[in-house]
Amino acid sequence: MKKGNDNLKRVIVDFKKLTPEILALLVDRYPDGYDDDQIISFKNQHNEIIEAVEVTTKDTKYLVKVSTKLAVTMENYDEDDYEDFAGDDPDAVQDPDVVDEDTDDDDNE
């Protein structure tokens, strides 16, 4: 038996292309963030493994690539930050300040 959403358009979304509309869908679907068991892994056309979380509208299934930037942006989401932007404006969602955990401040020379 087929599901009703088999005919949905499928779109892979990188953080750089994330719109306020898709971000709001993500925060709605994953209000406490996403867990490892909610991440979908697949290979793209370049045979690279992609990890993404899924959100669906009535006509589109979005697979949003997971990243530290995405997690931080979802955690700090406030819809008021996007009220001056169109829902489909990818320039509205800015890169968060992400601290690189691999950076070492000690000089051990």
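A short reminder: the numbers here are calculations on the coordinates, not readings from a lab. Bear in mind that the values here come from a model prediction, so they are computed numbers and not experimental data. Quick reminder, even Gly has a Cβ in these numbers, built from the backbone with ideal geometry, and neighbours come from all protein chains shown.
Using per-residue counts of other Cβ atoms within 10 Å, averaged over each peptide, order 74-86, 19-31 from highest down.
Numbers: 74-86: 12.2, 19-31: 17.2.
Result, highest mean first: 19-31, 74-86.
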Legend entry - Extension gain from LYS9 to HIS46, taking 0.36 nm per residue of separation minus the Cα-Cα distance: 11.3 nm
Legend entry - Peptides 58-66, 45-53 ordered by average Cβ neighbours within 10 Å, highest first: 58-66, 45-53
